Every structure is written in C-alpha cells, then in structure tokens.
Amino acid sequence: MSKAIKCIRLLIVILITISFRALAQENLHDYLPAGVSYNKNIPTPKSIIDHEVGEWHVTHDKLVYYFYNLAQASPRVSVEVYGKTYENRPLLNVTITSPKNHEKLEEIRTQHLKLADTNLSEELKTEEMPAVIRLGYSIHGNEASGSNAALLVAYYLTAAQGEKIDEVLENCIILIDPCLNPDGLQRFSTWVNEHKSMNLNADPNSREFDEPWPNGRTNHYWFDLNRDWLMAQHPESIGRLELFHRWLPNVQTDHHEMGSNATFFFQPGVPSRKYPKIPMENVRITERIASYHAKALDEQMRLYYSKENYDDYYIGKGSTYPDLHGGIGILFEQASSRGHLQETENGMLSLPFAIKNHFTTSLTTIEASLAMREDLLNYQREFYTKAAKIHEKEKIEALIIGTPDDATRTQLFSQVLLRHHIAIYEPKKDLKIHGKDFPKEKSIVIPLDQPQSMLIKAMFERQTDFQDSIFYDVSAWDFDLSFNLNSAWLDQANLKNILGNSISEFSLPEGKIEGDGTYAYAIDWNPYFAPGLVYALLKNGLILKVANKPFTSASGQYFERGTVILPMGIQIKDADEVRDILANNASKFHENIFAIESGQVVDGSDLGSRNFDIVKKPVIAMIVDNGVSASESGEVWHLFDQRYRMPVTMLSSETFDRINLKRYNVLLLPNGSYGPLNASSQEKIKNWVRDGGTLIAWKDALKFVNKLQLAEVKFKTAPKDTLAIISYADRENSRGAQVIGGAIFEMDIDRTHPLAYGYHQGTLPIFKQGTLILETTKKSHTYPFRYTQNPLMSGYVSDKNLQMIKGSPATIVATYGQGKVIGFTDNPNFRAIWYGTNKLLMNAIFFGNKISTR
C-alpha cells in the first residue's frame with residue numbers, strides 16, 4: 001500500500017471523527033431560531049446542567065433543577081409539582097406565558113373551562129381568549145430526545161425577545177411537562193451515559209444501545225404509561241389526568257421515538273384507522289397544523305412522513321385522549337439514536353439531530369396554535385355543543401353499572417370514572433334490568449347529559465364492526481367488562497325514577513367483623529381484596545381452610561364454594577389475639593369477616609368435613625429478565641405489591657440455574673419464550689413440579705411448558721388459504737388482519753372448579769391479545785374454562801381466528817408427579833385494569849395445589 005493511500009485513509013478517519021464530534025456536541029445556538037435576541041439574565045441549560053443539550057442525556061434530577069432555575073429567573077415561568085412517581089420523583093407542570101397572563105391565570109383557566117359547559121360557552125368571546133397548549137415529552141423513558149428538547153423549548157420561550165415571542169406569550173398559555181415518565185428516563189439516561197465513550201462509537205452493536213431488561217421505556221412497575229391515559233392506574237397518569245382536566249388544552253403534543261432506521265413522523269395518522277367518535281374536523285385541523293411542521297422541516301432538509309403506520313383508534317394514548325375533549329392531540333415520532341450517535345440506513349443519527357426535530361416541531365405547534373387560536377377555541381366549544389345535540393337526539397339517557405356481589409369492584413371502578421371527571425350518581429333503589437341485578441349500594445348511574453358524554457360512550461359502547469382490520473394498539477377497552485360488572489343502558493323513563501345523589505368522592509367498604517360467634521370465622525372469597533386478606537392472616541400464623549362445597553351456617557347464613565374459614569379450635573394463638581388480627585386486617589383489606597357460632601351447619605358439610613382443605617401460605621417466585629415479557633411481569637409485581645400486599649420473588653432467567661427453588665411452592669411463568677433457561681434449569685423446574693410445586697403459566701409460556709413435557713399442550717394453527725391471490729402490496733395488510741391486537745371474549749366457567757372460586761356467574765369476560773389458541777387433548781387434563789360458542793364481546797378478530805376460538809379451552813390444569821401445572825391462554829392482569837380476572841391467578845396460587853385432574 002502506497003504512503004499516499006495510507007495518508008488519505010488516515011485523513012478520512014480524522015474527518016469522520018471530527019464529523020462525529022460535530023454531530024454529538026452542538027452548542028445552544030445551533031438549535032435556536034436565527035435572528036432572535038435572548039435575555040442574558042435567563043440561565044442557559046448548560047449553565048445549570050453543566051453540559052450542552054445533547055452532549056449527554058439529561059438526567060431527571062438535572063431536568064427538574066433547570067426548570068426551577070428558570071422560574072426563579074423569569075416572571076414568564078411558574079413550576080408546580082402535580083404528582084410523584086413510585087420512586088418519589090416529582091412530576092412537573094411548567095407554565096409559560098406573559099407576566100400579565102400569570103397575574104390572572106386562575107381567571108383565564110376557569111374561563112377556558114366554560115368552553116365545555118354548553119350553558120355558559122355561548123357567551124364567551126373566543127377572539128379575546130388565549131389558546132392553551134400542552135407539550136408532553138418522553139412518556140417512554142428511553143425515548144429521551146423529547147425531554148432533552150424540553151430544555152430548549154423552555155429556554156427559547158423564556159429568554160427570546162421581540163414582538164414575535166411577545167405575541168405568543170400574550171395569546172397562549174403553554175404548559176410543558178418536561179418528562180412524563182421520570183423513573184424510566186432516569187433508568188435510561190444512567191445506562192447510556194455510563195456507556196458513552198469520549199470518542200463516540202456509532203456501531204449499532206455497541207453495548208450503549210443494548211439496554212438491559214426491562215429497559216427505560218416503562219415506569220417503576222414496568223408499565224407503558226402511554227397506554228394508561230384511559231386506565232388511570234398509576235400515580236403518573238392520575239396526576240396528569242387531573243392537570244389535563246384542570247385546563248382542557250386546545251392542543252396537546254406527545255413526543256416519542258421510533259426505530260433508528262426510520263425518519264420523523266407527525267400526525268394525522270392512517271385515515272381509515274380513526275376512532276369513529278373523533279370528528280372529521282379534528283383531522284382537518286390536525287392537517288392544517290401539520291403544514292407548519294412540514295414547512296419547517298422542509299427548510300431544514302429533514303426527512304419526514306405522515307398518514308402512515310400510526311393511528312388514532314385507541315383513545316387511551318396521549319395523542320388521542322384530547323380528541324374526545326375538543327382538543328387536538330398530536331403524536332410526534334423521531335427516529336431514535338438510542339444513545340449519543342448511531343449508524344442508520346439514513347446515515348449517522350445523533351442525539352442532537354433527534355432533539356432538534358422535537359424542538360422544531362414544538363415551536364411549529366405553538367406557531368400554528370397562535371395562527372389558529374380562534375379556530376381552536378371555537379372548535380372546542382363546538383365539540384361539546386355538538387356532543388350535547390347528538391345526545392338530545394338519542395333515546396339512551398344513562399348507563400347503570402354494578403354487581404350483586406362485590407361492592408369493592410364497583411367502588412374501584414367509580415374511582416377511575418372520577419379521575420376522568422365523569423359525573424356519577426347513586427341509584428335510588430335496587431333495580432333489576434334485562435335480568436341483571438343492580439343493588440343500590442353496589443351500583444352507580446352515569447348520565448349522558450354531561451360534558452363527558454362522548455368519552456362515556458367511547459368507554460362503554462360495544463364495537464365489533466370496523467372500517468379497517470389493522471390496529472396500532474388494542475381494539476376494545478370496555479370498562480364494565482374489565483371489572484366484570486353488570487351494565488345496562490337506560491332511557492328517559494327509567495332515569496327519572498332512578499337517579500339519586502351525586503357521588504364526588506371515592507370510598508372503599510369499611511371492613512369489620514360481623515357477629516359474635518367464637519367457634520370459627522368465615523371470609524367470603526368474592527370481594528376483590530380477599531386474597532390479600534387471606535395472605536395477611538396466613539402470614540400472621542393463622543390456620544385457614546377453604547370450603548370446596550357451599551354451606552349454610554347454623555344461623556342460616558349461606559357461604560359459597562371458595563369461602564375461607566378460620567376454625568378457632570386448631571389455632572395456636574389465643575382468641576383475643578386472633579380477633580385483633582382479624583379486625584385489623586378486615587379494615588386494611590376492606591372486607592367483612594363473619595363470626596360462626598357452631599361447626600354444625602344447616603346445609604352442606606360441617607366445618608370439620610374433608611370438604612375443607614388446608615390453605616397453605618403461598619411462597620411465590622416469578623421468572624423475569626431476558627426471554628420474559630417485562631410488561632406482563634410488571635403487571636404481576638404491581639398486583640401483588642400495590643393491591644394485595646403480597647411478596648413475589650423475581651428470579652432472573654440469567655442466573656436461574658443457581659437458585660434454590662425449594663424455597664418456593666408457587667412458580668409463575670408470565671408470557672415469554674424462556675430462551676435463556678438452559679437444560680439444567682429446565683430439569684430443575686421439572687423436578688420441582690414433580691416434588692409438589694404449583695407452576696402457573698400464561699400465553700406463550702405455555703409453549704415452554706409443552707417443551708418441558710410438563711403437560712401436553714396442543715395449539716391450533718389457522719389453515720392456509722391456498723386459493724387466495726394476494727398482491728405484493730397487500731401482503732402486510734393481509735397478515736395484519738390476522739393479528740389479535742386486543743379484544744374481549746367470553747368464557748364459560750365451571751363454577752364448581754377451584755379456579756372459579758369467587759365467581760358467581762357462569763360466564764366471564766377476558767381480554768385476549770395474540771393468537772395462541774388451544775386444542776383439547778385426550779390426556780387426563782382438565783379444561784375448566786372454555787370460550788363460548790359466540791365468544792366475541794367487543795373488538796376486532798378475523799373470521800378465521802374467531803372460528804378457531806369458539807369452544808376452545810381457555811385454561812388447562814395438569815398433574816405432574818405430586819405437583820400441578822396450570823395454564824391460561826390469556827393474561828388475567830392486562831394493564832392493571834382487568835380487575836375482573838385478577839382472581840383467576842389468585843385462585844391458581846391459593847388453591848391450585850389441591851385441584852384434582854382425575
């Protein structure tokens with residue numbers, strides 16, 4: 001090789017290195033609009049966080065520190081904490097507007113809310129009102145260019161000088177949420193910063209881009225917070241919903257990242273995949289705003305696209321929730337550098353490049369909102385006016401929801417509605433409608449004559465016919481079904497005699513001991529928190545039994561199968577101590593405990609019968625880490641930790657071979673492939689089950705169970721349509737139509753089976769995601785739950801998949817040696833909102849070891 005060629009190659013390496021550095025470390029003015037002067041008294045991001053924006057990934061603590069410093073430096077800015085995460089990090093709302101607007105902010109806010117009140121909105125002079133814009137960043141913690149861009153947006157709005165910015169601040173209230181997921185952002189930023197090289201390495205194989213499981217996308221319990229706007233189960237979501245309803249923004253942005261080889265997306269999304277109740281005017285306004293993004297990105301020669309990939313169907317995301325509140329939700333998706341600099345199909349992608357796209361489109365959102373201010377305000381007013389007119393033409397006036405069984409589930413359900421500012425009422429009396437019972441104390445009425453009428457319909461109307469067959473997220477979310485509650489629509493005649501007092505606060509049942517008997521105590525297994533109560537009693541050393549047949553006590557009280565009894569004659573602790581433990585935990589878990597005066601019963605088996613089995617304290621382990629779904633593992637962790645106050649030991653799939661599995665009597669296998677478990681680990685699981693352990697698996701984990709030959713699990717496969725001719729262009733849509741992204745199905749349940757303890761009806765709704773469908777085998781397995789012959793309750797499923805689901809098993813129970821294997825085709829804990837099926841898992845945990853498969 002000649003010396004000249006060597007010199008040229010060296011020069012190329014030097015130039016590439018220099019270009020990497022230039023891409024990686026832009027200074028502040030490389031981001032900001034040209035020709036604007038800035039107030040030197042306003043702190044720059046670097047002066048507070050000690051590095052240029054994009055040089056390092058900002059950590060959440062530095063992000064918070066910067067915004068507090070901005071508020072101290074400028075009358076344009078105020079900061080409030082609207083909530084705390086599970087890890088106790090603050091959730092910030094940063095309000096930026098003119099000092100004059102800040103002085104009358106509460107007046108502006110209350111006037112703005114009148115847009116949703118049809119009795120008051122007509123008198124509003126929208127030409128004199130400011131638009132409300134909410135900018136939300138990085139709800140997925142490892143999509144961090146958004147939060148980094150928030151620093152620049154805030155600096156620009158605070159420090160920029162001139163008539164243009166004055167006009168913006170005078171006519172807009174800008175609410176910035178710099179990080180919607182602080183715990184996830186902190187987890188991610190720590191990883192990428194500690195793996196950053198001073199000489200940036202853009203190789204996609206670098207460890208910097210390979211976050212460890214579960215990665216920073218999710219919150220503390222590994223939940224995707226962008227799916228929780230509707231579910232409202234986590235403190236981050238509860239706080240931001242309250243803030244949303246305190247302002248009802250005209251425009252709300254949702255800044256995300258996508259795959260590194262993509263470019264930049266902004267809405268509108270796929271035209272045919274819009275939720276039907278989102279008005280077409282919403283799409284037209286979104287298109288008008290999009291023209292501002294396109295113009296700015298064209299000027300910067302940035303690649304982008306719209307109207308593809310992403311949709312507006314699931315209404316529980318940050319970019320769709322505003323659409324049912326007269327606002328415009330806008331999703332932005334930026335190709336992710338995943339670290340600081342990465343090679344992609346489109347060239348080198350740096351963090352500063354990604355940041356600038358979010359910064360640019362944040363400013364164009366504000367620019368468009370200013371130009372369209374009156375249109376946005378008028379649209380919001382018209383949205384609620386039209387919703388009221390639609391309701392006037394309908395015969396349906398309200399929805400009643402409740403249960404004859406468990407007041408707790410009704411109360412927990414009511415809590416979700418109140419978080420959405422939905423007005424709810426007590427019924428005046430007990431009701432029976434369409435054969436369904438609605439006791440006064442366990443039911444609520446939801447009138448449609450209220451501002452949230454469109455959201456109410458969206459949350460509860462059954463949908464099984466669709467314009468499109470492809471969904472970016474779920475296609476059903478009916479809340480009455482997820483809580484396993486009865487529901488019925490009411491007309492005007494019914495409503496007049498039904499509507500009672502308004503409910504404005506959420507309260508759970510008190511929980512106490514009822515009766516004076518001292519022979520035994522009984523715990524109804526139907527109430528939602530019963531598993532937590534029973535575990536607490538076992539933890540306190542009390543001896544419990546479960547009734548495998550119903551019985552009626554000497555005093556005439558009827559108890560269902562699954563009732564847990566505490567016979568006093570076999571307890572080690574004295575009577576007063578036992579009663580104190582019972583009273584304390586009855587209150588803690590909001591459930592009544594019933595005193596029984598005699599072991600002799602009026603009907604059924606006496607309390608000393610062999611029809612009562614000892615309930616062992618479950619010692620639960622769950623395999624997590626690589627090869628296992630983080631979200632479904634997190635759902636279990638959250639369920640146990642936050643609701644039932646039960647410990648679950650999470651065992652890493654990577655180190656499972658070193659674990660002493662004999663410490664546990666229950667092993668959970670959430671959805672996953674379990675690829676990291678080697679032959680030794682697999683044999684350990686088999687031996688553990690053979691020796692008496694209870695293994696509980698769901699979804700794809702059943703394939704792993706089958707591989708271990710712990711049970712014969714056969715799966716249905718769809719017949720191939722060999723006659724169909726599908727064009728190359730239609731292949732993706734054809735495959736997508738066979739996906740079950742999320743729909744609700746009905747199961748027949750054997751109420752005499754231990755897996756059905758606590759359920760009083762013969763059918764049960766369940767959420768299905770994925771196409772895992774079981775065959776019935778000839779082995780001595782039991783299938784206590786099956787899908788009905790008409791199983792689809794709500795959502796999309798192809799005809800081909802529906803035919804396979806009809807009548808197929810939804811659960812499987814098998815004996816292996818001395819142990820039990822229990823499998824579910826579906827996830828009983830989906831997104832923490834399926835309260836109605838949580839008990840399936842708890843039944844398997846508490847009673848699974850005693851199930852007979854003969």
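At-a-glance table
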quantity	calculated
Burial order of peptide ranges 652-664, 175-187 (average beta-carbon count within 10 Å, highest first)	175-187, 652-664
Protection-proxy order for peptides 801-809, 834-842, each taking the mean of Cβ atoms within 10 Å per residue, highest first	834-842, 801-809
Entries in 716/778; 277/436; 545/573 that, when Cα-Cα distance is taken, lie over 21 Å	277/436
Euclidean distance of C-alpha centroids, segment 806-824 and segment 510-527, integer Å	32
Proximal lysines relative to residue 100, as straight alpha-carbon distance under 18 Å, when same-chain residues fewer than 8 apart are discounted	164
Fraction of the pair-distance distribution of the chain above 39 Å, Cα-Cα pairs, percent	45
Peptides 365-377, 609-621 ordered by average Cβ neighbours within 10 Å, highest first	365-377, 609-621
Accessible-area composition of the chain, carbon plus sulfur, in percent [1.4 Å probe]	47
Three-way shape call for segment 102-219 based on the alpha-carbon gyration tensor, with the a/c threshold at 1.5	prolate
Accessible area (Å², 1.4 Å probe, nearest 10) - residue 429	100
Sequence-distant residues sharing a close amide H with residue 397 (under 5 Å, placed H)	490, 491, 492
Gained length - residue 87 relative to residue 592, 0.36 nm times residue gap less alpha-carbon distance	178.5 nm
Anchor residue 429: lysines whose Cα lies under 21 Å away (excluding residues fewer than 8 positions away in-chain)	440, 442, 496
Residue-averaged 222 nm ellipticity for the chain, from DSSP H runs of 4+ at -39500 (n - 2.57), nearest 500	-10000 deg cm²/dmol
Built amide H within the under 5 Å cut-off of residue 672, gap 5+	629, 700, 701
Table column - 3J(HN,Hα) (Hz), segment 342-356, Karplus curve with 6.51, -1.76, 1.60, x for Gly and Pro	9, 5, 9, 4, 9, x, 5, 10, 9, 4, x, 4, 5, 4, 5
From phi via Karplus (6.51, -1.76, 1.60), per-residue ³J(HN,Hα) for segment 449-456 in Hz, x at Gly/Pro	7, 7, x, 8, 4, 5, 5, 4
Å² of accessible area per residue within the chain, as computed with a 1.4 Å probe and no ligands counted	40
Segment 180-189 - phi-based ³J(HN,Hα) in whole Hz, Karplus 6.51/-1.76/1.60, Gly and Pro as x	7, 9, x, 5, x, 4, 5, 4, 5, 4
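The values are calculated or read from the model by the stated rules, or taken from the named source; none is laboratory data. None of the values given here were measured: they were computed from a predicted structure. Methodologically, a virtual Cβ is constructed for each residue, glycine included, from the backbone with ideal geometry; neighbour enumeration extends over all protein chains shown. These accessible areas exclude ligands, DNA and RNA; they are computed on the full protein's heavy atoms, side chains included. Shrake-Rupley method; radii C 1.70, N 1.55, O 1.52, S 1.80 Å.
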